[in-house]
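Take a look at the structure set out below.
Nothing in this text is a laboratory measurement; each read-out follows from the coordinates by a stated rule. Since this is a predicted model, take the numbers as computed values, not measurements. Note: ideal-geometry Cβ built from the backbone for every residue, glycine included; neighbour counts use all protein chains shown.
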Amino acid sequence: MAEIKALSKTNRNNWLLDSLLALSGLVVGLTSIYFLFLPLNGYRGGRNPYHGLVILFDRHTWSDLHTWVGLAMIVIALVHFIIHFDWVVSMTKRVAREISGRKAVLNARGRFNVFVDAMIALGFFVSAITGLIYFLVAGENSLFTPGARMMADTTLLDLIHTWSGILMIVAAVVHFAIHWQWVIKTGRRLFHLREESKQLNPLVTLES
């Protein structure tokens with residue numbers, strides 16, 4: 001049986017953080033699909049014949065899931081960005097050198113990875129900002145005046161939020177497809193080592 005190498009603390013933490021980010025993104029994505037096809041108003045406009053349709057939860061619960069899990073996702077993504085800040089700076093410099101034509105430092109796969117990551121970052125940033133604007137200004141519990149809420153709650157804001165979210169989801173799916181082997185391999189190593197640790201430290205029961 002092949003020996004399984006010990007998982008580094010960095011890889012373990014990255015895997016766990018990425019898992020939280022992916023899980024929150026999945027919930028936000030599913031709730032987004034719900035509102036995309038069952039809109040109340042929004043960019044599709046007009047009357048919605050499916051407004052009263054209940055799928056697992058009522059509309060208010062779907063809205064709460066989208067809002068609060070989305071806020072949690074923003075916090076997790078911020079932690080992810082802080083942890084990988086040095087990598088972001090280094091990669092930005094490398095891309096800048098590529099664009100300026102001074103030096104080719106990335107191969108085709110590297111360029112594609114950077115492009116996908118950039119699309120995820122762009123989609124997330126725009127959808128997060130527009131989502132926060134709606135939450136803080138146009139939401140039902142907002143402390144702002146009705147006039148401010150009316151200005152923020154616009155079809156344009158909804159359009160930007162919707163399509164930036166779609167961009168982020170599509171790019172994230174591509175990102176996962178590129179790195180799925182690392183996800184599976186690291187996950188197996190993580191849980192195998194945890195199981196191995198339990199076997200090495202069994203609970204000792206004393207018989208009377």
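If I stretch the segment between residue 192 and residue 121 completely, what's the gain in nm (0.36 nm per residue apart, minus their alpha carbon distance), one decimal?
My answer for the length gained is 22.3 nm.
Would you mind calculating the gained length between residue 88 and residue 178 on full extension (0.36 nm times residue separation, minus the Cα-Cα distance), in nm to one decimal?
Contour length minus Cα-Cα distance gives 30.5 nm.
When only DSSP loop residues count, what chymotrypsin sites (Phe, Trp or Tyr not before Pro) in the stretch 68-126 have their Cβ near at most 10 other Cβ atoms within 10 Å?
Here no loop site has a sparse enough neighbourhood.
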